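The block underneath contains the structure these notes are about, expressed in structure tokens.
The values are calculated or read from the model by the stated rules, or taken from the named source; none is laboratory data. Everything quoted here is computed from the prediction, not taken from an experiment. Because the Cβ atoms are built from the backbone with ideal geometry, glycine has one as well, and the counts that use them run over all protein chains shown.
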Amino acid sequence: MSLALYDAPLAGLSGSNAKFNAGIIGVDAIDSNGDSWQLVGSSTPQVVNLFDLQTTALDLGSGTLPAGTYPSVQLLLDPATTSLTYNGQTYPVYFVTSDHPWWDPTQTVEAVSVPLAVTAAAGQSVSATLDFNVFQSADLRDGAVYLTPTVAAGMGQPTISGVVANNAGGLISNATIVATDASGNVANVTASHDDGSFQLHGINPGTYTISVLNSFVTKAGDTVTASGADPGAAPTRSVVVGPNSKVNLGTLQD
């Protein structure tokens with residue numbers, strides 16, 4: 001099984017004025033008994049600027065699992081090498097809900113649960129995509145970042161992209177784009193960049209309703225407001241994606 005990692009942008013911050021460094025130790029698959037199976041791992045953290053992963057994925061590596069079903073995976077992080085640098089100042093990151101893998105008696109490794117169900121037969125090769133989603137997870141306040149990890153994931157590497165613009169053609173930043181699956185569950189959320197563009201990763205193959213929202217409250221508690229949107233506008237589109245689909249929705253008028 002091979003794994004790739006993307007990230008969604010944090011409203012108001014970009015690669016030009018900020019770095020969100022995450023110390024990645026590895027990824028474990030969790031079986032139905034709650035036992036961990038290492039997929040990828042390192043004795044030293046791989047420190048990655050998540051803002052570099054908005055359009056290009058990080059190859060996390062690959063590993064081998066016994067055939068079967070694994071209801072979730074865990075992304076393993078090193079808090080000591082995870083931080084935000086914004087306009088030259090570095091902010092520590094605190095995990096709002098702290099969890100640790102059972103094999104870490106020192107409780108220095110943060111285990112972030114990822115809702116990725118994996119089922120594979122013997123000899124089968126599969127791939128999956130994770131979206132760390134700093135947009136949903138991070139709240140910068142009081143001199144620190146409070147992280148409520150909200151990692152999205154899906155099998156394969158489907159991508160949905162587009163541009164958000166108002167009726168006059170002006171590009172809209174910080175619009176929230178939501179992918180809702182056929183069962184009514186939110187699969188993933190992202191925000192539009194300064195140029196109005198957006199990319200959605202970390203979703204399973206299937207049918208989605210893509211909605212553009214002008215105001216949105218993240219899982220971390222931040223309210224994100226679109227800049228430049230027409231009052232009352234809220235476009236939606238339906239889309240079907242396969243395991244490796246790259247779907248461009250064009251311009252969504254907001």
Please go through the range 188-219 and pick out each residue that is among the aliphatic types (A, V, I, L, M) and crowded, with 22+ Cβ neighbours inside 10 Å. Val189, Ala191, Leu200, Ile203, Val212
Only one residue in Gly232, Gly221 is closer than 20 Å to Val151 by Cα and not assigned by TED's automatic domain parsing to the domain that holds Thr56, so which one is that? Gly221
Long-range neighbours under 7 Å by Cβ, at least six apart or interchain, first residue closer than 13 Å to Asp7 by Cβ within the range 180-205, second among the charged types (D, E, K, R) and not in a loop (DSSP other than H, G, I, E, B): Asn188/Asp131; His201/Asp131; Gly202/Asp131
In the set Thr90, Thr148, Thr82, Thr159, which member is under 19 Å from Lys246 (Cα atoms) and modelled with pLDDT of 90 or more? Thr159
Just name the residue that is nearest to Arg141 (Cα to Cα) out of those in the range 197-218 that are under 19 Å from the mean Cα position of the chain (by Cα) and either outside the structural domain of Ala168 (by TED's automatic domain parsing) or part of a loop (DSSP other than H, G, I, E, B) (or both). Thr218
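Could you list, in sequence order, the residues of the range 91-105 that are in contact (Cβ under 8 Å) with a residue 24 or more places away in the chain, out of contact with any Asp or Glu (no Cβ under 7 Å at 6 or more places or on another chain) and not β-branched (Val, Ile, Thr)? Before you say what the answer is, go through the steps one by one.
First, the residues of the range 91-105 that are in contact (Cβ under 8 Å) with a residue 24 or more places away in the chain: 91-97, 101-103.
This time we only want the ones that are out of contact with any Asp or Glu (no Cβ under 7 Å at 6 or more places or on another chain), so: 91-94, 96-97, 102-103.
The answer is Tyr91, Pro92, Tyr94, Trp102, Trp103.
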Give me the residue from the range 44-77 that is closer than 22 Å to Ser98 by Cβ and without any contact (Cβ under 8 Å) to a residue 40 or more places away in the chain and, out of that set, surrounded by the most Cβ atoms within 10 Å (Cβ to Cβ). Pro45
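Among the residues of the range 46-60, are any over 30 Å from Thr223 (Cα atoms) and aliphatic (A, V, I, L, M)? If you could, list the steps in order and put the result at the bottom.
Restricting attention to the range 46-60, the residues satisfying the condition of being over 30 Å from Thr223 (Cα atoms) are 46, 59-60.
In the following step, the residues that additionally are aliphatic (A, V, I, L, M) were identified as 60.
Yes, because at least one residue in the range 46-60 is over 30 Å from Thr223 (Cα atoms) and aliphatic (A, V, I, L, M).
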For the range 149-169, indicate whether the set of residues that are surrounded by fewer than 19 Cβ atoms within 10 Å (Cβ to Cβ), of a type in the set (Ser, Thr, Tyr) and under 13 Å from the mean Cα position of the chain (by Cα) is non-empty. no
For Gly162, which of the numbered conditions (1) in contact with a Leu (Cβ under 8 Å, 6 or more places away or on another chain); (2) assigned to a loop (DSSP other than H, G, I, E, B) fails to hold? (2)
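Within the range 127-159, which residues are of a type in the set (S, T, N, Q) and in a strand (DSSP E or B)?
Residues of the range 127-159 that are of a type in the set (S, T, N, Q), as a first pass: 127, 129, 133, 136-137, 148, 150, 157, 159.
Selection gives Ser127, Thr129, Thr159.
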Can you spot a residue in the range 163-174 that is among the β-branched types (Val, Ile, Thr) and not assigned by TED's automatic domain parsing to the domain that holds Tyr208? no
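Please give the strands (runs of 3 or more DSSP E) falling wholly within the range 1-96 in which 2 or more residues are under 18 Å from Asp131 (Cα atoms) and of a type outside the set (A, V, I, L, M, F, W, C). Reasoning before the result, please.
Working: elements: 2-6, 18-30, 36-49, 58-62, 68-70, 72-77, 83-86, 89-95.
Per the criteria, 2-6, 18-30, 36-49, 58-62, 72-77.
Output the residues belonging to the range 104-126 that are over 23 Å from Gly156 (Cβ atoms) and in a loop (DSSP other than H, G, I, E, B). Steps first, answer last, please.
So the first thing to find is which residues in the range 104-126 are over 23 Å from Gly156 (Cβ atoms), and the list is 104-111.
Asp104, Pro105, Thr106, Gln107, Thr108, Val109 - these are the residues of the range 104-126 that are over 23 Å from Gly156 (Cβ atoms) and in a loop (DSSP other than H, G, I, E, B).
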